1. What do you reckon, is Arg100 more than 26 Å from Asp127 (Cβ to Cβ) and in contact (Cβ under 8 Å) with a residue 24 or more places away in the chain?
2. For the range 92-101, indicate whether the set of residues that are of a type in the set (Gly, Ala, Ser), more than 14 Å from the chain's Cα centre (by Cα), loosely packed, with under 14 Cβ neighbours inside 10 Å and over 22 Å from Leu25 (Cβ atoms) is non-empty.
3. For the structure I just gave you, tell me whether Thr47 is on the phi < 0 side of the Ramachandran plot, β-branched (Val, Ile, Thr) and in a strand (DSSP E or B).
4. For the range 25-73, give me each residue that is closer than 20 Å to Leu124 by Cα and of a type in the set (Asp, Glu).
5. Test Arg115 against the stated conditions and say whether it is closer than 26 Å to Arg139 by Cα, within 16 Å of the chain's Cα centre (by Cα), outside any strand (DSSP E or B) and not hydrophobic (A, V, I, L, M, F, W, C).
6. Can you tell me which residue within the range 132-152, out of those that are part of a loop (DSSP other than H, G, I, E, B) and surrounded by 11 or more Cβ atoms within 10 Å (Cβ to Cβ), is farthest from the chain's Cα centre (by Cα)?
7. Give me the pairs: first residue in the range 150-164 and in contact (Cβ under 8 Å) with a residue 12 or more places away in the chain, second residue of a type in the set (Gly, Ala, Ser), beta-carbon distance under 8 Å, and six or more apart or on different chains, which are they?
8. Name the residue, out of Val126, Val88, that is surrounded by 11 or more Cβ atoms within 10 Å (Cβ to Cβ) and not in a loop (DSSP other than H, G, I, E, B).
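The values are calculated or read from the model by the stated rules, or taken from the named source; none is laboratory data. Owing to the predicted nature of the structure, the values given are computational and were not obtained by experimental measurement. Positions of Cβ are backbone-derived with ideal geometry, glycine not excepted, and every protein chain shown enters the neighbour counts.
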Amino acid sequence: MSTSSTNVLIRPGRIEDVETIHAALLRFGAHTGAHQEITSTPNDLRTYGFGENPAFSTLIAEAGGEFAGLCLHFPIFSTWMGRPGVYVQDLYVEDRFRGRRIGERLLRRVAQECRKDGGAYLRLSVDSDNETAKAFYERLGIAWSSHEQVQKIVGDAFFAFADAPEE
C-alpha cells in the first residue's frame with residue numbers, strides 16, 4: 001500500500017458513523033490493553049455526541065473511502081490563560097493506515113478548528129506506559145506537563161460523591 005496521504009479525507013463525524021466510532025474505540029481499547037474498561041455503547045455515543053447538546057465532537061479520517069481513524073474531542077477553558085482550548089479524549093488510527101500522518105492530520109485539524117474559535121491550546125492524556133504515543137506527541141511538540149497530574153473518580157465512587165449531602 002502506498003504511504004501517500006494525499007487521498008485522505010478528514011471530515012466531521014456524523015450520527016450515521018456511531019457504530020464505526022464505537023467499533024474503533026473498542027479496537028483502541030484492545031490496542032492499549034484496556035478493552036475491559038470500555039463500557040460505552042453506540043447508543044451512549046449517539047445520545048451524548050449527536051443529541052441536542054453534544055458533549056463531544058469527532059473527526060473521521062478516510063483513506064481511499066475506508067475508515068482510517070478518528071479524533072474525539074471537546075472544548076475546554078483555561079481560567080489562567082483566559083482562553084478556550086480543546087481536549088482530545090481519543091485519537092485512533094487503524095493499524096493498516098499508520099505511518100501516513102493521519103493522526104497528525106487529525107490533531108492539526110482539531111487545533112485549527114479550536115484556533116478559529118479563539119482557542120489557544122490543546123490538551124490530552126497519554127497512558128503512562130504507552131511509549132509509542134508519548135514519542136509521537138513529543139515529535140509534534142505536544143509536551144508532557146511535569147507540573148500536573150490527572151486525578152479522577154469514576155463509577156460507584158463518583159455516584160456516592162455526587163449524591164452525598166452537602167454539609
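1. no
2. Scanning the range 92-101 turns up no residue that is of a type in the set (Gly, Ala, Ser), more than 14 Å from the chain's Cα centre (by Cα), loosely packed, with under 14 Cβ neighbours inside 10 Å and over 22 Å from Leu25 (Cβ atoms).
3. It is false that Thr47 is on the phi < 0 side of the Ramachandran plot, β-branched (Val, Ile, Thr) and in a strand (DSSP E or B).
4. Glu37
5. No.
6. Filtering the range 132-152 down to residues part of a loop (DSSP other than H, G, I, E, B) leaves 140-152.
Cutting the leftovers down to surrounded by 11 or more Cβ atoms within 10 Å (Cβ to Cβ) gives us 140, 142.
Values: Leu140: 16, Ile142: 14 Å.
Filtering first and then ranking leaves Leu140.
7. Final answer for the pair search is Val150/Ser125.
8. Being surrounded by 11 or more Cβ atoms within 10 Å (Cβ to Cβ) and not in a loop (DSSP other than H, G, I, E, B) holds for just one of Val126, Val88, which is Val88.
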